[in-house]
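These notes are about the structure you will find just below.
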Amino acid sequence: MTMRFATIDGLAIEHRRLPAGAPGAPTIVFLHEGLGSAALWRDFPDALCARSGCAGLVFSRAGYGASDPPPGPRRIDYLHREAQDRLPALLGALGIARPILFGHSDGASIALIHAASGHDVAGLVLEAPHVFVEPQTLDGIRAAGVAWANTDLPQRLGRHHRDGARVFRDWHDVWLTPGFHRWNIEALLPSITAPALVIQGADDEYGTPAQLEAIARQTGGGCETLLLETCAHTPHRERRDDVLDAAARFIAALPAAPPAG
């Protein structure tokens, strides 16, 4: 997969674009998880764009994949900074308006914050989102820390990132920072006017169905939910066909963009 680079706030951000299969179709922007990258989506974006006729943008956030690392340590507000500063800058630089945001885990939280901050989006597909911190979330991250120290996780992660150790450390350490357990974006949900599809695995090691239920109960744009049995934290890999089917149906039913002017 050939990557290009866009300079955003002085940082080179790797990305690839997928052509639309239908004239005037919106762009699906894929927002990866906390240890993810553009490459780790594999060919799922290609399959969903082919199924839906949409264009696609797949990119690695600053510090991930081959993108330049941001200066300084990660702060507790990093999800808000990505949603409110870096994502709008990237979309503006690439000329993408009114996208469909497909976010996984951290990426799903970024999608929610972005949509709640006044940015125009056509729809939201949210996989394993977090809107508050649960004990299970922190237990899962602690377990990942044990795996980092005792398995080949450093080598596997290093194949997909310029600095896999920093990617892991930034993600692991900020979630376990004292006070981060109070992180909560539920107050933003009523501000969201775009339709949403929320997908979660029933066996998600990082969250319970309470996340899905909170979004469905509070979002302001209407919400469909899909809870998948025999599925953990990565539905688009573990239940690929089900996610493709649900996302394609949801995208096909989205209202058309209002006429300009």
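Quick notes on this structure:
- Count of the stretch 219-245 residues which are surrounded by fewer than 17 Cβ atoms within 10 Å (Cβ to Cβ), at pLDDT 95 or above and either within 17 Å of the chain's Cα centre (by Cα) or not in a helix (DSSP H, G or I) (or both): 8
- Picking from residues in the stretch 28-62 that are open to solvent by 20 Å² or more (accessible area, probe 1.4 Å) and either touching a helix residue (DSSP H, G or I) at 6+ places or on another chain (Cβ under 9 Å) or part of a loop (DSSP other than H, G, I, E, B) (or both), the one that is nearest to Pro88 (Cα to Cα) is Glu33.
- Here Ala248, Ala216 are screened, and the one residue that is touching a residue at least 60 places away in the same chain (Cβ under 8 Å), among the hydrophobic types (A, V, I, L, M, F, W, C) and either open to solvent by less than 20 Å² (accessible area, probe 1.4 Å) or closer than 14 Å to Leu126 by Cβ (or both) is Ala248.
- Unmet requirement for Gly72, which otherwise passes all of (1) modelled with pLDDT of 95 or more; (2) open to solvent by 40 Å² or more (accessible area, probe 1.4 Å): (1)
- Filtering Leu157, Leu138 for residues that are touching a His at 6+ places or on another chain (Cβ under 9 Å) and either of a type in the set (A, V, I, L, M, F, W, C) or without any contact (Cβ under 8 Å) to a residue 40 or more places away in the chain (or both) leaves a single hit, Leu138.
- Filter result for Phe168 (in contact with a Leu (Cβ under 9 Å, 6 or more places away or on another chain) and either among the charged types (D, E, K, R) or at pLDDT below 95 (or both)): no
- Among (1) in contact (Cβ under 8 Å) with a residue 12 or more places away in the chain; (2) more than 21 Å from Gly24 (Cβ to Cβ); (3) out of contact with any Gly (no Cβ under 7 Å at 6 or more places or on another chain), the one test that Ile96 misses: (2)
- Number of the exception - Arg86 against (1) among the basic types (Lys, Arg); (2) out of contact with any strand residue (DSSP E or B) (no Cβ under 7 Å at 6 or more places or on another chain); (3) touching a residue at least 12 places away in the same chain (Cβ under 8 Å): (2)
- Selection of the stretch 1-22 for residues being among the small types (Gly, Ala, Ser) and either over 14 Å from Tyr64 (Cβ atoms) or open to solvent by less than 20 Å² (accessible area, probe 1.4 Å) (or both) yields Ala6, Gly10, Ala20, Gly21, Ala22.
- Pairing residues of the stretch 34-58 that are of a type in the set (Asp, Glu) with residues that are modelled with pLDDT of 95 or more and crowded, with 22+ Cβ neighbours inside 10 Å, at Cβ distances under 8 Å and at least 6 apart in sequence or on separate chains, gives Asp46/Gly56.
- Test: residue in the stretch 12-27 that is touching a residue at least 60 places away in the same chain (Cβ under 8 Å), small (Gly, Ala, Ser) and more than 30 Å from Arg169 (Cβ to Cβ): no
- Tally, over the stretch 14-55, of residues that are in contact with a Cys (Cβ under 9 Å, 6 or more places away or on another chain), hydrophobic (A, V, I, L, M, F, W, C) and closer than 16 Å to Ala252 by Cβ: 6
The values are calculated or read from the model by the stated rules, or taken from the named source; none is laboratory data. Because the structure is a prediction, the values reported are computed rather than measured. As a convention, Cβ positions derive from the backbone with ideal geometry for all residues, glycine included, and neighbour counts pool all protein chains shown. Side chains are part of the model used for accessible areas, which takes the heavy atoms of the whole protein and leaves out ligands, DNA and RNA. Shrake-Rupley method; radii C 1.70, N 1.55, O 1.52, S 1.80 Å.
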